[in-house]
Amino acid sequence: MRRALQYSLAFVGLLMVLDWGEGSLTLPRAMLWAVLGIGVLAVFLPSRVAAGDGWLAVHGLVRERRVRTDALVSVRRYGGIAAHLVLRDTHGKWLELDPRVLEANPLIWHLLDAGARRSLASGTLRHGTQVLQELTDRIDGQEARAVLTASGLL
């Protein structure tokens, strides 16, 4: 969030300095640059992710999307470099999530994984077990390396 604010302030500051340097900075133009800065902030502002027992929510700029992790139907990965996950549940709800959020927050990952295991056990999860297994391997590997590094064994 801090970085999004820095980017938008730098953008507005650069526009105003350039406009002032040209001698054409007026109050309406400054207000226009401020509105554009708010737009840049909205684009770069990250979504907030929350999780609980059996649910996962992503709070965006305008709305919140929530799925039942214990009733997942599919987990799919889209994109190459900027990959994102799309989770769908049996109630027709879906959300998009950056996998780096799960890597950075092991508690959220644990809650998602526990719900996905319940979905798999109940038979609702039909697509995405491979994606979840890849995430499990990567996140557990990072945690193991962190433990080994902290203990001085690595």
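The values are calculated or read from the model by the stated rules, or taken from the named source; none is laboratory data. Please read these numbers as outputs of a predicted model, since none were measured by experiment. Every residue, glycine as well, gets a Cβ built from its backbone with ideal geometry; the counts of neighbours run over all protein chains shown. Accessible surface is based on the protein model in full, side chains and every heavy atom, while ligands, DNA and RNA are left aside. Shrake-Rupley method; radii C 1.70, N 1.55, O 1.52, S 1.80 Å.
Under the Kirkwood approximation for Rh and a Cα-based Rg, what ratio Rg/Rh is obtained for the range 29-71?
Numbers: Rg = 15.6 Å, Rh = 12.3 Å.
Looking at the range 29-71, the ratio lands at 1.27.
With the helix formula -39500 (n - 2.57) applied to DSSP H stretches of n ≥ 4, the chain reaches a computed 222 nm mean residue ellipticity of -18000 deg cm²/dmol. Reported to the nearest whole Å, the Cα centre-to-centre distance from the range 63-119 to the range 1-56 is 29.
Which of the trypsin sites (Lys or Arg not before Pro) found in the range 102-154 are loop residues per DSSP with 14 or fewer other Cβ atoms within 10 Å of their Cβ?
Those that pass, being in a loop and sparsely packed, are Arg126.
Label-to-label distance, Thr129 versus Lys93, with points set 7 angstrom from Cα along the beta-carbon direction: 2.6 nm. Its Cα centre serving as origin, the chain has a Cβ charge dipole (Lys and Arg +1, Asp and Glu -1) of approximately 340 debye. Fully extending the segment from Leu9 to Leu148, taken as 0.36 nm per residue of separation minus the present Cα-Cα distance, adds 46.0 nm.
Of the options [x] 15.6; [y] 18.1; [z] 15.1, only one is Kirkwood radius over Cα pairs in Å as computed from these coordinates, and that is [y]. Per residue, the average separation of C-alpha pairs within less than 8 Å and at least 6 apart gives the range 7-154 a relative contact order of 18 percent. Calculated over the range 52-112, the projected area of the Cα convex hull averaged across directions stands at 4.3 nm². Less than 10 Å Cβ to Cβ from Ser74, Lys/Arg counted +1 and Asp/Glu -1: what total charge do the surrounding residues give? Charge balance near Ser74 sits at +2. Accessible area per residue for the range 1-145, computed on protein heavy atoms with a 1.4 Å probe, is 63 Å².
For the range 1-73, the fraction of 1.4 Å probe accessible surface lying on carbon and sulfur atoms is 66 percent.
Close amide-amide hydrogen proximity is noted between Val73 and Arg88, Asp89, Thr90, each under 5 Å apart and 5 or more residues distant or on a separate chain (H modeled in the peptide plane; Pro and chain starts excluded). Axis angle, to the nearest 10 degrees, between helix 2-22 and the longest C-alpha principal axis of the chain: 20 degrees. Working from Cα positions, state the angle (0 to 90°, nearest 10) between the long axis of helix 27-44 and the longest principal axis of the chain. Once rounded, one gets 10 degrees. Could you state the angle between the C-alpha long axis of helix 106-122 and the longest principal axis of the C-alpha atoms of the chain, as a value from 0 to 90 degrees rounded to the nearest 10? Roughly 50 degrees, rounded to the nearest 10.
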